[in-house]
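Novice: Have a look at the structure that comes next, please.
The values are calculated or read from the model by the stated rules, or taken from the named source; none is laboratory data. Remember, it's a predicted structure, so these values are computed and weren't measured experimentally. Quick reminder, even Gly has a Cβ in these numbers, built from the backbone with ideal geometry, and neighbours come from all protein chains shown. Protein only, heavy atoms only, side chains kept; ligands, DNA and RNA dropped before computing areas. Shrake-Rupley method; radii C 1.70, N 1.55, O 1.52, S 1.80 Å.
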Amino acid sequence: MTIFGWPEALFIVRAAGWTLLLTAISFLIGGLLGGVFAILRLSRIKAVRRFAASYILVIQSIPVLMVLFMSYYGLSLVGIELPPFFAASASLAIYVSAYLAEIWRGSIESVPFQQWEASASLAHSPAQTYRHVILPQAIRISLPPTVGFLVQLVKNTSIVSVVGFVELARAGQLVNNATFQPFQVFTLVAALYFCICFPLSRLSRHLEKVMNASRSH
Amino acid sequence: MQFQFEPVLAEADRILNGVLLTIGLSFGAIVLGLALAILLVAAKSLFGRWVGLLVDAYVELMRNTPFLVQLFMLFFGLPLLGIRMSGTEAALLAMTLNLGAYATEIIRAGVDSIHRSQLEAGVSLAMTERQVFQHVVLMPALARVWPALSSQFVLMLLASSICSFIAVPELSGTAAIIEQNTFRSFETYIVVTIIYLVLALTLKVALLWLGRKIFPRLSSVDRLDAKAEAA
């Protein structure tokens, strides 16, 4: 049995880098997909709206763990052998897309509808209306909940350890198996997650306050 | 590529046990977590600053670390303190503590939204401090935040799948066993995912119904508000 020392602690700290990378990649891909679904969800065509709504409802009603297993085993079933990192980012991106789509749809909808009419009266096309009138306002409104969701994403990256990807939680587990000093190991792991998440939580709350203040006058 | 669901469906008994454990864990965590949250919110408003700070610290710690790490900490750590727990008990404890923190934050937001004049009205009706808390603060606050609480409960049901990491034989844990028995990975996870979907949607509808039952007067007021807004 080894003792929990500097090499073990460094191993865990380095794994936090993978957690950050996984968060960044799945947030970017999931954000693009989520933006598309948010706009589809608000489409004028009923079938398109329904499709996007069902996608969001289904993904939000199943555990991220199942999305991960389905993409991992599903892809290998059709003969695509992806490294765990890809399966992990792909499934997290799917999870992200459903939640961000819903957050962003809410933000777009909370832009007063008169803004649409005003834009139309300026002979803007729907695409121009989105680009110049609706999105700039919607993005401001969506900022606090989006940053808040980022905290959920950082925490949820911990489950990809199950497909053999060594990120922060998995590193903790490996070190714990070797040293069997769970308090020291998981306190360090929890502290690292906390150092990433707490500032984001605070930022989200701060943005919310700033937004409310700016809206009241 | 050929789907074979028969070997998976042959394990229906095992799946059923997993479903029951998932429901049991979620139900237990919802009841205990809600009770814990109400106690903490009450403690925060009744006792002084230090209790408030302790509650805040607990809430922030739980909300900013992954459920998986909390689960590991309890499952691997408690035996070293001489507390023997089965995986299922550790899972229930972790779920309760996790949900308790989120529910505390949500209910506190509800309590903050109760106007001060309401408290004075309660006092002027000769209500005791306890009655004011229960009837003027807590119930209206719960009614207001019920949708947010409901979402959190559904998220907890989904997060219970993570308990399979410490070999708790709930629905996901069962899936891992069936996968090893049948070698039909994809089919197993399709079946289990559909069950989760049904469970989550059922819970959503049940919580909506329950909210209308528990807070009939308050939700009818909300409905009137909605009508007034629509008009």
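Novice: Which listed residue (A:116, A:12, A:98) has the Cα farthest towards the positive end of the charge dipole for chain A, taking +1 on Lys and Arg C-beta and -1 on Asp and Glu C-beta about the Cα centre?
Specialist: Final value for the positive-end residue is A:116.
Novice: Between beta-carbons, use under 13 Å as the cut-off and find the net charge around residue B:111, counting Lys and Arg +1, Asp and Glu -1.
Specialist: My count for the surroundings of residue B:111 gives +2.
Novice: Across peptide B:52-61, how many C-beta atoms of other chains are within 10 Å of each residue C-beta, on average?
Specialist: Other-chain Cβ atoms within 10 Å of each residue's Cβ, averaged: 1.
Novice: Of B:117, B:87, B:15, whose Cα points farthest to the positive end of the dipole of the protein assembly as shown (charges on the beta-carbon: +1 Lys, Arg; -1 Asp, Glu; origin at the Cα centre)?
Specialist: B:117
Novice: How large is the dipole of the protein assembly as shown about the Cα centre if only Lys and Arg carry +1 and Asp and Glu carry -1, each at its Cβ, rounded to the nearest 20 debye?
Specialist: It works out to roughly 1120 debye.
Novice: Nearest 20 debye, what's the magnitude of the dipole of chain B about its Cα centre given +1 on Lys and Arg Cβ and -1 on Asp and Glu Cβ?
Specialist: Dipole magnitude for chain B comes out near 620 debye.
Novice: Regarding the stretch B:119-180, what is the average projected area of its C-alpha convex hull, in nm²?
Specialist: Over every viewing direction, the Cα hull of the stretch B:119-180 projects on average to 6.0 nm².
Novice: On average, how much accessible surface per residue is there in the stretch A:1-158, in Å², for a 1.4 Å probe, leaving out ligands, DNA and RNA?
Specialist: Result: 50 Å² per residue.
Novice: Report the full-extension gain for the segment residue A:178 to residue A:122: residue separation times 0.36 nm, less the Cα-Cα distance, to one decimal in nm.
Specialist: Working: separation 56, 0.36 × 56 = 20.16 nm, distance 6.75 nm.
Going from the current span to full extension adds 13.4 nm.
Novice: OK, next. Across the stretch A:102-187, how large is the tail of the calculated P(r) beyond 14 Å, expressed as a percent of all Cα pairs?
Specialist: Beyond 14 Å sits 73 percent of the P(r) for the stretch A:102-187.
Novice: Compute the whole-percent fraction of alpha carbon pairs in the stretch A:160-211 spaced more than 15 Å apart.
Specialist: Counting every Cα pair in the stretch A:160-211, those more than 15 Å apart make up 57 percent.
Novice: Compute the Kirkwood hydrodynamic radius of the protein assembly as shown, taking the inverse of the mean of 1/r over all pairs of distinct Cα atoms, and give it in Å to one decimal.
Specialist: The Cα-based Kirkwood calculation yields 23.9 Å.
Novice: Ok, one more. Within 10 Å of each Cβ in B:159-166, how many Cβ atoms from other chains are there, averaged over the peptide?
Specialist: Going residue by residue through B:159-166 and averaging, the value is 4.
Novice: In whole Å, what three semi-axes, largest first, describe the equivalent ellipsoid of the stretch A:34-86 built from its Cα gyration tensor (square root of 5 times each eigenvalue)?
Specialist: After scaling each eigenvalue by five and taking roots: 28, 12, 10 Å.
Novice: Something else about it: Ratio of Rg to Rh for chain A, alpha carbon only, Kirkwood?
Specialist: Computed over Cα atoms, the ratio is 1.07.
Novice: Putting +1 on Lys and Arg Cβ atoms and -1 on Asp and Glu Cβ atoms, find which of B:25, B:98, B:42 reaches farthest to the positive end of the dipole of chain B.
Specialist: The listed residue farthest towards the positive side: B:42.
Novice: Per DSSP helix of 4 or more residues, -39500 (n - 2.57); summed, then divided by the residues of chain B. What does that give at 222 nm, rounded to the nearest 500?
Specialist: Per the formula, -26000 deg cm²/dmol.
Novice: Debye sum, Cα scatterers, the stretch B:82-231, no solvent: what log₁₀ I/I(0) at q = 0.09 1/Å?
Specialist: Log10 of I(q)/I(0), two decimals: -0.46.
Novice: If I take the Cα coordinates of the stretch B:77-153 and project them onto the principal axes, what are the three extents in Å, biggest first?
Specialist: Principal extents (largest minus smallest coordinate, Cα): 53, 27, 14 Å.
Novice: Listed highest first by mean packing, meaning other Cβ atoms within 10 Å per residue, what order do B:117-128, A:64-75, B:19-30 come in?
Specialist: Going from most to least packed, we get A:64-75, B:19-30, B:117-128.
Novice: Using every Cα-Cα pair within the stretch A:56-97, state what percent have a distance larger than 14 Å.
Specialist: Tail fraction, whole percent: 42.
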